[in-house]
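Read through the structure below, which is laid out as structure tokens, and then see the notes.
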Amino acid sequence: MKKIIRYLVFSMMVGSLYSCQQSEDEKASTMMQRIDSLYKAQDYQSTLNAITQLRETYPKAIESRKRALKIWQEASLKMAQNDIGRTDSALQATIQQYNEAKSFGDKNRLRVKRDSLQVRYDALCGTVRIIHHRQAEK
């Protein structure tokens, strides 16, 4: 009988200890606040770095990680869209320089640069399409 009472008391003590501890999502809440503020400040690279840190530090914070995934997709999308704009501007300027170039050497150099920028532009557009597709799945 004493063993049963001891076991019950021990079980109650252990249960009360576990109920007082914060869940993983509660522990991750300060990090999520930081991620939200970085995203609102349009510091997308720091946002992605903070989300990576959240994943490493709190791997069992499922709800926080779900929210962070949506922010990750949005930040990645914004970064890709900004990069598309810069790449397109550089591509248009290079095409104009190519059309105005007189020497064969200048045309070859500008053709290589144009082709490289075109590949980068196409890859970024593909990245945006994939992000949009994944966002539509959820």
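The values are calculated or read from the model by the stated rules, or taken from the named source; none is laboratory data. Computed from a predicted model, the values in this text were never measured in an experiment. Accessible surface areas use protein heavy atoms only, side chains included; no ligands, DNA or RNA. Shrake-Rupley method; radii C 1.70, N 1.55, O 1.52, S 1.80 Å.
The table below lists the values:
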quantity: Average accessible area per residue (Å²) across the stretch 35-89 - probe 1.4 Å, nucleic acids and ligands excluded; calculated: 58
quantity: Spatially near lysine pairs across the stretch 26-138, Cα under 29 Å, sequence gap of 8 or more or different chains; calculated: 21
